[in-house]
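None of the figures in this text is laboratory data; all of them are computed from the coordinates on show. Nothing here was measured: the structure is a model prediction, and the numbers come from that model. Here Cβ is always computed from backbone atoms with ideal geometry, including for glycine, and neighbour counts include all displayed protein chains.
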Amino acid sequence: MPMDGRTCVVTGSARGIGRGIAERLGEEGANVVINYRSSEGPAYETVEAIEDLGGEAIAAQADVTNREEVERMREACHEAFGPADVLVNNAGITADTQFVDMSREEWERVMDVNLGGMFNCTQAFYDDIWNAEEGRLINISSVVGKQGNFGQANYAAAKSGMFGFTRTIALELAQGGSTANCVAPGFTHTDMLETVPQKVLDRIIASIPLERLAEVEDVAATVRFLASEESSYITGEVIDVNGGMDL
Ligand code: NAP
């Protein structure tokens with residue numbers, strides 16, 4: 001299997017896109033670290049789901065904004081499986097409001113998780129990825145980072161910040177033979193869209209050439225490809241999974 005024996009850490013993987021990624025990697029033979037902040041029950045359910053698919057997984061609690069907790073997650077990964085080959089920075093939040101009403105706290109909260117969490121986890125696992133045979137850093141950005149979106153100045157800034165970070169780390173990792181890429185999903189069926197009113201969703205779907213939202217499986221399949229050795233000559237890229245929203 002393509003991911004056989006590869007150790008993958010997926011942040012925020014007890015639910016949503018992260019869970020879809022974790023299950024796909026586990027199904028294909030990876031050892032998976034299921035990171036969660038507060039979704040403990042779903043994290044252990046994800047571990048069981050991966051074990052049922054024939055893979056191996058552990059759950060590791062860590063708020064990605066907390067360096068000590070991220071260090072403990074790295075230790076748990078090393079103890080269970082050894083160094084990581086793949087880190088998927090997936091954990092993310094929104095705090096939507098028009099810019100005129102946006103508080104400094106809403107700005108910082110979104111930066112802290114989406115960019116600060118990526119910084120903490122990448123730094124913790126950087127040596128693992130550098131030393132791995134075909135190490136991979138995969139950052140989950142968003143179509144919003146490319147296009148912007150009404151009421152999401154903080155989130156759009158964080159998600160486009162991931163592009164510059166990824167390109168730079170791609171340059172720095174290249175000498176060690178490892179890669180860094182971004183995946184930029186379009187609007188995807190998860191809890192994150194729960195607060196979006198149906199009439200706004202209908203307007204979004206009408207603007208998507210493929211006429212549907214993304215499913216977590218669409219994103220997971222792309223991450224699976226980037227995480228495998230099959231993608232070894234792709235680095236510093238942003239791969240869109242958005243149903244043609246840029247066309
Ligand atoms: P979601 O259903 O809201 O899940 C968010 C995940 O992030 C949860 O697993 C949550 O863990 C985790 N998380 C949040 N803050 C965290 C923290 N401080 N430390 C550790 N984990 C934390 O979101 P989603 O839709 O699956 O989104 C996943 C990623 O895809 C995000 O980066 C998001 O920006 C991006 N994305 C989503 C969409 C979309 O339309 N859904 C589109 C483009 C990009 P707990 O439950 O344990 O707190």
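In order along segment 167-180, the Karplus-derived 3J(HN,Hα) couplings, from 6.51 cos²θ - 1.76 cosθ + 1.60 at θ = phi - 60°, round to 5, 5, 5, 4, 5, 6, 7, 4, 4, x, x, 9, 10, 9 Hz, and Gly and Pro are given as x.
Annotation: amide H-H contacts under 5 Å for ILE239 (H modelled 1.01 Å from N, sequence separation of 5 or more, or interchain): CYS182, VAL183, ALA184. Cβ crowding within 10 Å ranks THR11, THR235, THR168 as THR168, THR235, THR11, fewest other Cβ atoms first.
Less than 5 angstrom separates the built amide H of VAL10 from those of VAL33, ASN35, VAL88, all sequence-distant by 5 or more or on a different chain.
Fraction of C-alpha pairs exceeding 22 angstrom in segment 7-239: 49 percent, rounded to a whole number.
Its residue count N fixes a reference of 2.2 N^0.38 Å for segment 7-85, and the Cα radius of gyration divided by that reference is 0.96. Under Stokes-Einstein, with the Kirkwood radius over Cα pairs as Rh, the value for segment 27-150 at 20 °C and 1.002 mPa s is 135 µm²/s.
Taking the fewest neighbouring Cβ atoms within 10 Å as the starting point, the ordered list for HIS189, HIS78 is HIS78, HIS189. Annotation for LEU53 and GLU172: the two label points, set 7 Å from Cα along the Cα-Cβ direction, are 3.1 nm apart.
Couplings 3J(HN,Hα) of segment 139-147, computed from phi: 10, 8, 9, 6, 4, 5, x, 8, 9 Hz, in residue order, whole Hz [Karplus 6.51 cos²θ - 1.76 cosθ + 1.60, θ = phi - 60°; x for Gly and Pro].
Shown in residue order for segment 57-71 are the 3J(HN,Hα) couplings computed by the Karplus curve 6.51 cos²θ - 1.76 cosθ + 1.60 at θ = phi - 60°: 8, 10, 9, 9, 6, 6, 7, 5, 7, 10, 4, 5, 5, 5, 4 Hz (x for Gly and Pro). Counting only alpha carbon atoms, the long axis of helix 40-52 and the longest principal axis of the chain meet at about 60°.
Length gained on full extension, PHE150 to GLU79: 21.1 nm, using 0.36 nm per residue less the C-alpha separation.
What translational diffusion coefficient, to the nearest whole µm²/s, does segment 64-119 have by Stokes-Einstein, given a Kirkwood radius computed over alpha-carbon pairs, a temperature of 25 °C and 0.890 mPa s viscosity? My calculation gives 188 µm²/s for D. Computed log10 I(q)/I(0) for segment 77-202 at 0.12 Å⁻¹: -0.50, from the Debye equation with unit scatterers placed on every C-alpha and solvent omitted. Among GLU40, GLU237, GLU23, GLU194, sorting on how many other beta-carbon atoms sit within 10 Å of each Cβ, with the fewest leading, yields GLU194, GLU40, GLU237, GLU23. For segment 186-247, treating each Cα as an identical point scatterer without solvent, what Debye log10 I(q)/I(0) comes out at q = 0.21, 0.23 1/Å? Debye curve over Cα of segment 186-247, log10 I(q)/I(0) at q = 0.21, 0.23 Å⁻¹: -0.88, -0.98.
Angle check, please: helix 216-227 long axis (alpha carbons) against the longest principal axis of the chain (alpha carbons), in degrees 0 to 90, nearest 10. Here the helix axis deviates by roughly 40 degrees. Mean residue ellipticity at 222 nm, helices only, the chain: -14000 deg cm²/dmol; runs of at least 4 DSSP H residues each add -39,500 (n - 2.57), and the sum is divided by the number of residues.
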